[in-house]
Amino acid sequence: MSEDYSLDHTGGYGRAALLLVESLIHGLVERELLTVREAVEIMEAALEAQVELVEDATNPSASMRQASTLLASLVASLQNDAV
């Protein structure tokens, strides 16, 4: 039996992936391999792509909207680090 990895059923997978990416970005910034500004730009690009997915969807799911909200909060958090 194969596992269902569609967006609406990824719950734990999605949260783990988001935590991993956030940790990776912070680690790169701490090691000065990525500036905070560059990190913000990366997260803003991800947010823009997610917002487009929601806008283009015929009937966007709650998890799609939640992903946009989570990405927006990460962008805001990184922008605060840039100050």
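The values are calculated or read from the model by the stated rules, or taken from the named source; none is laboratory data. Note that the structure is predicted; figures quoted are calculated from it, not measured. Note that we place each Cβ from the backbone using ideal geometry, even for glycine, and neighbour counts take in every protein chain shown.
Give the residue, chosen from 49, 16, 39, that is at pLDDT 90 or above and either acidic (Asp, Glu) or exposed (fewer than 14 other Cβ atoms within 10 Å of the Cβ) (or both). Sole residue among the options that is at pLDDT 90 or above and either acidic (Asp, Glu) or exposed (fewer than 14 other Cβ atoms within 10 Å of the Cβ) (or both): 49. The numbered conditions (1) within 21 Å of residue 12 (Cα to Cα); (2) assigned to a helix (DSSP H, G or I); (3) more than 16 Å from the chain's Cα centre (by Cα) are all true for residue 68 except (3).
Filter region 60-83 for residues that are hydroxyl-bearing (Ser, Thr, Tyr), touching a residue at least 40 places away in the same chain (Cβ under 8 Å) and surrounded by 14 or more Cβ atoms within 10 Å (Cβ to Cβ) and give the result. Talk me through it step by step, then tell me what you get.
Initial filter on region 60-83 (hydroxyl-bearing (Ser, Thr, Tyr)): 61, 63, 68-69, 73, 77.
Then keep just the ones that are touching a residue at least 40 places away in the same chain (Cβ under 8 Å); that gives 61, 63.
Matches in region 60-83: 63 only.
Candidates in region 19-36 are the residues that are at pLDDT 90 or above and either in contact with a Ser or Thr (Cβ under 9 Å, 6 or more places away or on another chain) or in a loop (DSSP other than H, G, I, E, B) (or both); of these, the one that is surrounded by the most Cβ atoms within 10 Å (Cβ to Cβ) is 29.
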